[in-house]
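Below is one structure, written out as structure tokens; comments come after it.
The values are calculated or read from the model by the stated rules, or taken from the named source; none is laboratory data. Please read all numbers here as calculations on a predicted model, not as lab measurements. Here the Cβ positions follow ideal geometry from the backbone for every residue, glycine too, while neighbour counts run over all protein chains shown. These area figures cover heavy atoms from the full protein model, side chains too; ligands, DNA and RNA do not enter into them. Shrake-Rupley method; radii C 1.70, N 1.55, O 1.52, S 1.80 Å.
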Amino acid sequence: MTSSVHSLTFCGIPKAYFQVDVSYVLRKLWILFFPFRHRSWSRKRKLLDPFANPIDADSVNQAAGQRLLPPSEDLNAPDLYIPVMSFVTYVLLIGLLRGTEGKFTPQVMGEWASMGLITVVLEVLLIRVSLFLAQSPRVVWVDLVAYSGYKFVGLAFSTTCALLASFLPSGRIYVSLAVLLYVSLMMGLFLLRSFRRLLRSDTQSGDVSMPSSFDTHLWDAQHARRNYVLLFIALLQIPIYLLLGVRTWARLGPSN
Amino acid sequence: MGDNRRDAGLDFYQAPYAPYGVGAAASAGAAAAGTTSAWSTASDPGRQHIPAAGWHGRTSSFELGRAFSGASVAEDEPPLLEELGIHPEAIWRKTRQVLNPFRRFEKSFADEPDMAGPLLFAFLLGLALLFRGKVHFGVIYGIAIIGCLSIYLVLNLMGSRELDLYRTVSVLGYGLLPIVLLAFLVTLVPPLAFRIAVAGTAVAWCTSTASRIFTAVLGIPSHNWPLVAYPVGLWYASFALITIF
């Protein structure tokens, strides 16, 4: 643990993932819920002056002479603040939900926290494997954890909706299912666009909406495989959300 | 014989057998003296009057007296609380600061951290829960450990100045006071909606206390205070959750 003010990491975690400010958080939440409104998805880079800047933690870009910008300067940069906060919020809201049903014990929070963490770990491994199969350039593990952790925002929101809907006589299951499906589809879209940008980072093409990117010589097996992998990652979100939000829409036994 | 025992400052000690180190003759004499020991000196003017030294063996050089006198024997040892580092007036001062959420905080709150206040509040919280039949000491301990470590990590990652773990725990622990009050209040009040409303107030109170101190100490720009307040608020909310249900 370094003690200098300008150190880049703290306990092994790069500080860049927590350099957020309020406007970044609000805009990022907006994108997470409405990814179809967001236009430009590429991460900004800044050219490094090799004589002025210290050694960067992101060694992949060091050789390219560029540095990825932190979240406070780049809306598309992944951060760890939102995933961690939304994870804890989700666990507390699950506890609150069970409390209003009268079945709260402190162990419940621990169980759901473990469930969430295991899901993140498995999902990160799965995405890593599928990105490897798509022959993507190397993606940092922490970025994958961040992208996987964004799902807790949607889960916390759907748990809130389930809480509010519990005042309705019978509609809670439908409300929470509807919200979960919406949020999982939005997350799928978000990941699709984020990873598409990542997979294409070694090519020159920018926006896919330009017609020149549909030239036939680009349309080969690798391209198709990348698309299948992206689709898989996006569709994977639906069962994940339904599993983690199961407490809101299913009638389970008293032991759960 | 009897004088020996009195010299040792053991006037109060009336057992028939002699203390360690006194010879066998004294034990025989003590058995004969029986109950006519310390309390009868006043009625026996013939004997040399030695004040009943009670617990303090200072008047005698006999080692056993010192052994029987306990910890507060020598004059050069500090009082127990001071030796442990517990300063009740400092604890009370900080508690009063927390109790008034509208007063501006002096930065000195975080400059002299101590753990005694937080431990006291945590114990009071467990006690309040005990009154309702819930034994949650382990849960309080677990939340405290995990939460303090996480908040320590997050705050250090976000801020431009370092904050050590001891001060973090101290500031967070002092802010626990409204939750303790909530716990005692909830014992009396059944309705759930009321409980949730009061819990929300208590959490907001705690959070404003702790996050103001943290924002000042960590050097985070003041327009970013919600970023500090949110993790702290979540920690207090988890205590509120185990309190109200």
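Would you tally the net charge around B:Leu84, using a Cβ to Cβ cut-off of less than 14 Å, leaving B:Leu84 out, and scoring K and R as +1, D and E as -1?
Numbers: positive: none; negative: B:Glu77, B:Glu82, B:Glu83, B:Asp114.
Taking every other residue near B:Leu84 into account, the sum is -4.
Between chains B and A, what is the buried accessible area in Å², counting both sides, with a 1.4 Å probe and ligands, DNA and RNA left out, to the nearest 100? Mind showing how you got there, number by number?
Numbers: alone 14130 and 14300 Å², together 26150 Å².
Protein heavy atoms only, the B-A interface buries about 2300 Å².
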Would you tell me the accessible area of B:Ile140, worked out with a 1.4 angstrom probe on the heavy atoms of the protein chains, in Å² to the nearest 10? 10
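Return the carbon/sulfur percentage of the accessible area of the stretch B:113-244, one whole number, probe 1.4 Å, all protein chains in place. It would help to have the intermediate numbers written out before the result.
On the way: 3990 of 5100 Å².
The value for the stretch B:113-244 is 78 percent carbon and sulfur by accessible area.
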Quick one: putting +1 on the C-beta of Lys and Arg, -1 on the C-beta of Asp and Glu, what dipole do you get for the stretch B:113-244 around its Cα centre, in Debye to the nearest 20? 280
Ordering A:Thr248, B:Thr187 by accessible area with a probe of 1.4 Å, largest first, what comes out? B:Thr187, A:Thr248
Dipole of the stretch B:113-244, positive end: most advanced residue of B:Pro231, B:Ala216, B:Ala204 [Cβ charges, Cα centre]: B:Ala204
Mind listing, in residue-number order, the residues in the stretch B:222-243 that have at least 40 Å² less accessible area with every protein chain present than in their own chain alone (1.4 Å probe)? B:Leu227, B:Tyr230, B:Leu234, B:Leu241
Pairwise label distance in nanometres, A:Leu168 with A:Trp141, each label 7 Å out on the Cα-Cβ vector: 4.3
Whole-angstrom Cα spans of the stretch B:113-244 along principal axes, big to small: 44, 27, 19
Rounded to the nearest 10 Å², the accessible area of A:Cys11 using a 1.4 Å probe with every protein chain kept is 70
For the pairs A:Lys46/A:Lys151; A:Lys103/B:Lys94; A:Lys44/A:Lys151; A:Lys15/A:Lys151, flag any whose C-alpha to C-alpha distance is greater than 31 Å. A:Lys103/B:Lys94
